[in-house]
Amino acid sequence: MYIVLSMVGAILGGGMSFLIRLELMDPGLQLLHDQQFYNVLVTAHGFLMVFFVVMPAMIGGFGNWFVPLMIGAPDMAFPRMNNISFWLLAAAILLMVIAAFTQGGPGTGWFITTIFNMRAPGLTMHRMPLFVWAILVTAFLLLLAIPVLAGALTMLLTDRNFGTAFFKVAQGGDPILWQHLFWFFGHPEVYIIIIPAFGIISQVVSTFSKKPVFGYLGMAYAMVSIGFIGFIVWAHHMYTVGLNVDTRAYFIAATMVIAVPTGIKIFSWLATMWGGSIEFKTPMLFAIGFIWLFVMGGVTGVALANSGLDLAFHDTYFVVAHFHYVMAIAAVFGMFAAFYYWIGKMCGRQYSEVLGQIHFWLFFVGVNVLFFPQHFLGMAGMPRRIADYPDVYHGWNYISSIGSYITTGATLFFFFIVWRTFTAGEKAAANPWGEGATTLEWSVASPAPFHTHEDLPDMTGTQPAE
Amino acid sequence: MLKTMRFLAPAAALGGVFTARDALAGQGLPKPWQMWFQEPASPVMERIMEFHDLVFAIEVAIVLLVLGIMAYIVVRFNHKANPAPSKNTHNTLLEVIWTVIPIIILVVIAVPSFKLLYFADKIEKADMTLKVIGNQWFWSYTYPDQGDIQFDSIIVAAEDLKPGQPRLLTVDNKVVLPVDTNIRLLFTSNDVIHNWAVPAFGLKLDASPGRINESWVRITSEGDYFGMCSELCGVNHAFMPVHVQAVSKAKFAEWAAAQKKAAAGGRNDKFKVVQAEKPAR
């Protein structure tokens with residue numbers, strides 16, 4: 001259900017981004033004659049994609065389904081709360097579309113309970129599949145970051161409606177406080193989005209290389225340390241706010257440190273593939289695509305980490321290109337990989353391999369044509385969040401919009417594949433991937449029954465033995 | 001103006017870009033299809049570009065390395081070329097190497113980065129000061145060292161442009177500044193957070209209500225430099241450009257004297273001291 005919701009969100013959010021690119025294709029205001037509406041669109045696109053597409057699909061959809069399966073528990077702890085959070089989310093998306101403003105996101109503390117308390121005997125922490133680790137780290141991040149957002153939003157609401165003055169200068173407040181609070185939530189939030197994708201990619205890469213994940217402990221603790229550092233780098237979004245110069249120096253250093261665990265992850269994936277016997281099925285293609293996007297977005301991130309360079313890049317399209325590569329599109333690739341990887345397990349029918357691969361290539365070319373030219377626009381100085389731009393920026397904007405046509409087409413094609421899978425897909429075996437798929441979910445039938453693992457599986461002595 | 005039909009006529013639309021070249025291109029203004037920074041016009045921007053060359057070289061090397069490894073893996077370790085997978089999952093030396101080398105690279109980046117950061121931060125001895133005040137949606141400027149010249153700088157609507165004036169970047173009153181002078185810049189705002197940015201100067205700083213931010217610039221060559229508001233500030237965020245005209249010191253003194261005289265003689269209808277009404281857009 002989460003995944004269906006997330007598809008609805010994707011249609012809305014994706015449609016909005018398509019509108020945005022249509023508007024930006026040529027200079028001058030064509031489609032949207034009201035710049036306020038453009039601003040609303042950009043905001044709503046971001047909110048929808050983050051809260052209603054990526055988070056429900058990754059955490060709600062794949063997390064809810066496969067964490068219990070992979071650790072050998074019958075279902076999540078607190079199933080009723082789980083249920084209500086879905087309906088809250090569904091209500092929130094409605095409100096959001098109506099008002100284009102909301103506060104949302106599933107509360108996920110119970111993942112921690114599930115993972116700590118409901119593991120099968122012998123499945124020690126150091127034997128858990130990396131996807132479970134990823135969800136665990138993510139749940140901690142959510143638990144710590146969401147209250148800050150909720151608090152900040154409450155302060156904003158009382159400011160706007162009840163006459164308080166947390167952020168209003170005229171009454172002694174300070175908008176910079178809002179920025180601090182927002183980014184204290186906002187930076188961990190990007191890891192909330194990408195860390196489940198890390199987990200998915202690790203599973204997929206390992207399965208299709210027919211090898212266990214290389215450097216398992218390093219991978220798990222890389223995620224933990226990325227999650228931790230993610231909390232102490234928030235002001236790198238605020239280099240041009242006018243912060244004290246020594247403060248900026250600290251945030252440069254802290255931010256660059258993130259590159260180290262990230263590098264460990266990239267090289268470990270490559271090392272997992274190294275020496276493997278790789279089958280390039282659709283999930284694997286998306287996983288490799290993910291690594292490419294993540295490396296691209298990662299190196300531009302190292303550039304942006306430097307406050308000095310940020311003087312040139314801040315609030316330009318360079319940043320737009322960076323975060324779409326490293327987090328947004330990379331997360332979407334993670335979701336597609338997860339979809340193709342697990343769809344057989346979830347609905348009992350397998351997708352069409354040919355169609356899946358066509359989808360991958362269309363989508364991969366589309367997003368690169370869409371976002372790569374935005375690096376050039378940013379370096380040439382085009383600011384983000386503008387509905388109309390000076391004529392000199394026309395060329396690359398035009399190319400970028402063409403990329404968005406391709407991407408939209410590829411996404412429509414994906415919905416066609418989903419429909420084909422449900423109506424004409426072949427029956428999926430319990431384990432369609434062969435010897436490489438070693439995690440517990442492949443030991444139950446496809447589709448997975450309602451309550452799985454009622455007899456606890458014994459995991460002593462299997463899985464990566466550390 | 002442009003019609004929606006243009007989406008359906010890509011060739012026509014692309015053709016339009018090149019005919020509309022303006023006379024000011026090459027000076028503080030990017031060119032069509034530009035893929036790199038604008039020409040630097042301040043020591044800060046020169047250093048930003050120098051530092052970026054280093055970072056960029058590292059970025060390219062990393063991307064090529066990963067790409068190379070991936071290509072090798074795809075060719076050598078696909079299931080046809082290598083039917084029997086190895087079971088190798090550990091190599092402590094390798095893991096130490098790919099932890100330590102990135103750390104070394106980061107240190108290499110960090111040292112010049114900190115130098116640049118402190119260099120760009122502020123200037124100890126300034127020759128003059130310019131105050132910049134953000135408004136929804138225009139900029140106000142004050143020259144405290146030139147007898148408090150004050151004026152607003154408001155965008156010129158597309159239909160009022162003279163030939164050669166770039167659309168969305170042209171203002172009624174441009175900021176005139178002398179070259180080869182250390183200019184201290186002070187930023188604040190009357191309403192919401194704005195951001196004053198001129199890419200050619202490597203300059204970008206928030207104008208924040210209730211705060212005064214400081215930066216500096218030393219313009220190295222005469223010419224016209226353009227920038228745009230770089231912090232979302234409401235509906236007309238895209239329509240509050242910055243236009244700096246850099247002139248010789250002598251010309252600047254002349255200009256300042258003329259402005260002062262005009263203000264004293266009451267002929268200041270061109271440069272309004274009072275808040276201009278919000279531009280109707």
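The values are calculated or read from the model by the stated rules, or taken from the named source; none is laboratory data. The structure presented is a predicted model; accordingly, all values stated were derived computationally and were not measured. Glycine also receives a Cβ, built like all others from the backbone with ideal geometry; neighbour counts cover every protein chain displayed. Protein only, heavy atoms only, side chains kept; ligands, DNA and RNA dropped before computing areas. Shrake-Rupley method; radii C 1.70, N 1.55, O 1.52, S 1.80 Å.
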Find out how many positive minus negative residues lie around A:Q350, taking Lys and Arg as positive, Asp and Glu as negative, among other residues whose Cβ is under 13 Å from that of A:Q350.
+3
Taking 10 Å² as the minimum loss, tell me which residues in segment B:46-64 lose that much accessible area going from the chain by itself to the full protein complex (1.4 Å probe).
B:I48, B:F51, B:H52, B:V55, B:E59, B:I62, B:V63
What total accessible surface area, summed over both chains, is buried at the interface between chains A and B, computed with a 1.4 Å probe and given in Å² to the nearest 100?
7900 Å²
Working from the alpha-carbon coordinates of segment A:252-349, get Rg over Rh, Rh being the Kirkwood radius.
1.08
Collect residues whose amide H, placed 1.01 Å from N in the peptide plane, falls under 5 Å from the amide H of B:V171; neighbours closer than 5 in sequence don't count.
B:V156
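Mind checking Rg over Rh on segment A:298-374, alpha carbons, Kirkwood formula for Rh?
Here Rg/Rh amounts to 1.15.
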For segment B:96-220, what proportion of DSSP beta bridges, expressed in % and rounded to the nearest 5, is antiparallel?
70 percent
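Based on alpha-carbon atoms only, what is the radius of gyration of segment B:128-265 relative to the globular estimate 2.2 N^0.38 Å?
Scaled against compact globular proteins, the figure is 1.00.
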Accessible-area order (highest first, 1.4 angstrom probe) of the listed residues A:T423, B:T92, A:T240
B:T92, A:T423, A:T240
Please calculate how many Å² of accessible area segment B:128-265 carries per residue, with a 1.4 Å probe and no DNA, RNA or ligand atoms counted.
33 Å²
Tell me which residues come under 5 Å, amide H to amide H, from B:N78 once H is placed; ignore anything under 5 positions away on its chain.
A:I278
Rounded if a/c is under 1.5, else prolate if a/b beats b/c, else oblate: with a ≥ b ≥ c from the C-alpha gyration tensor eigenvalues square-rooted, which is segment B:71-110?
oblate
Given A:K211/A:K281; B:K131/B:K261; B:K162/B:K251; A:K211/A:K427, which pairs have Cα atoms separated by over 18 Å?
B:K131/B:K261; B:K162/B:K251; A:K211/A:K427
Solvent accessible area, Å² - A:I232, 1.4 Å probe, full protein context:
60 Å²
Starting from the Kirkwood Rh over alpha-carbon pairs, what translational D in µm² s⁻¹ does segment B:55-134 have by Stokes-Einstein at 20 °C and 1.002 mPa s?
121 µm²/s
Whole-angstrom gap from segment B:146-217 to segment B:38-89, using each part's C-alpha centre
39 Å
State the dimensionless ratio Rg/Rh of segment B:45-181 (Rg: radius of gyration of Cα atoms; Rh: Kirkwood radius).
1.26
Accessible area, probe 1.4 Å, largest first, for residues A:R420, B:R167
A:R420, B:R167
